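Structure first, then comments.
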Amino acid sequence: QVQLVESGGGLVQAGGSLRLSCAASGRTFSSYYMGWFRQAPGKERESVAAITWSGGSTYYANSVKGRFTISRDRAKNTVYLQMNSLILEDTAVYYCAAAASLGRWPYMKPDYWGQGTQVTVSS
């Protein structure tokens with residue numbers, strides 16, 4: 001049974017930082033793309049960042065480039081999202097996801113989803 005378990009969300013002031021973690025289990029993800037998505041209230045879910053599990057190639061939404069960094073630790077089967085210079089518009093539920101194909105970034109279509117973790121940025 002595939003599980004993606006997020007952690008690290010919380011309340012942070014604008015300009016601050018948070019690091020999200022996603023622990024993956026239940027299958028081999030070596031050929032998968034691991035990603036982070038987010039969904040703000042009243043908005044559609046959107047892709048934020050993705051990384052190849054094997055090679056470490058990274059992809060970012062324009063709105064987070066230069067502020068967010070995705071990384072993975074293969075030994076720990078964990079993917080991270082380091083979020084710096086947070087702004088109010090970053091407030092959302094953040095989801096970890098895994099996809100066999102990247103598709104046309106940022107239109108990645110995951111095969112597996114985590115349950116989500118809330119990130120709230122306050123002024």
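The values are calculated or read from the model by the stated rules, or taken from the named source; none is laboratory data. The model shown is predicted, which means the values in this text are computed figures rather than measured ones. No Cβ is skipped: glycine too gets one built from the backbone with ideal geometry, and neighbour counts run over all protein chains shown. Accessible surface areas use protein heavy atoms only, side chains included; no ligands, DNA or RNA. Shrake-Rupley method; radii C 1.70, N 1.55, O 1.52, S 1.80 Å.
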Look through 38, 67 and report the one residue that is out of contact with any Gly (no Cβ under 8 Å at 6 or more places or on another chain), of a type in the set (Lys, Arg), closer than 23 Å to residue 121 by Cβ and in contact (Cβ under 8 Å) with a residue 40 or more places away in the chain. 38
With respect to the numbered conditions (1) more than 20 Å from residue 118 (Cα to Cα); (2) touching a residue at least 24 places away in the same chain (Cβ under 8 Å); (3) β-branched (Val, Ile, Thr), which one is the sole condition not fulfilled by residue 28? (2)
Subset of segment 100-110, residues surrounded by fewer than 15 Cβ atoms within 10 Å (Cβ to Cβ), touching a residue at least 40 places away in the same chain (Cβ under 8 Å) and not hydrophobic (A, V, I, L, M, F, W, C), comes to 101, 107
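In segment 58-69, which residues are open to solvent by 50 Å² or more (accessible area, probe 1.4 Å) and not in a loop (DSSP other than H, G, I, E, B)?
58, 59, 69
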Assess whether residue 10 counts as being under 14 Å from residue 93 (Cα atoms), loosely packed, with under 14 Cβ neighbours inside 10 Å and either β-branched (Val, Ile, Thr) or out of contact with any helix residue (DSSP H, G or I) (no Cβ under 8 Å at 6 or more places or on another chain) (or both). yes
Those residues of segment 33-57 which are in contact with a Ser or Thr (Cβ under 9 Å, 6 or more places away or on another chain) and open to solvent by 60 Å² or more (accessible area, probe 1.4 Å), in sequence order: 41, 46, 54
Residue 25 fails exactly one of the following numbered conditions: (1) closer than 12 Å to residue 78 by Cα; (2) among the polar types (S, T, N, Q); (3) at pLDDT 95 or above. What is the number of that condition? (3)
Condition set open to solvent by less than 60 Å² (accessible area, probe 1.4 Å) and not in a strand (DSSP E or B), scope segment 71-99, selection modelled with the lowest pLDDT: answer is 77
Mind checking which residues of segment 112-123 are part of a loop (DSSP other than H, G, I, E, B) and within 18 Å of residue 44 (Cα to Cα)? 114, 115, 116
Residues being under 19 Å from residue 70 (Cα atoms) and part of a strand (DSSP E or B) - total across segment 13-52: 22
Condition first: open to solvent by 40 Å² or more (accessible area, probe 1.4 Å) and closer than 18 Å to residue 82 by Cβ. Now tell me which residues in segment 13-32 satisfy that. 13, 14, 15, 17, 19, 23
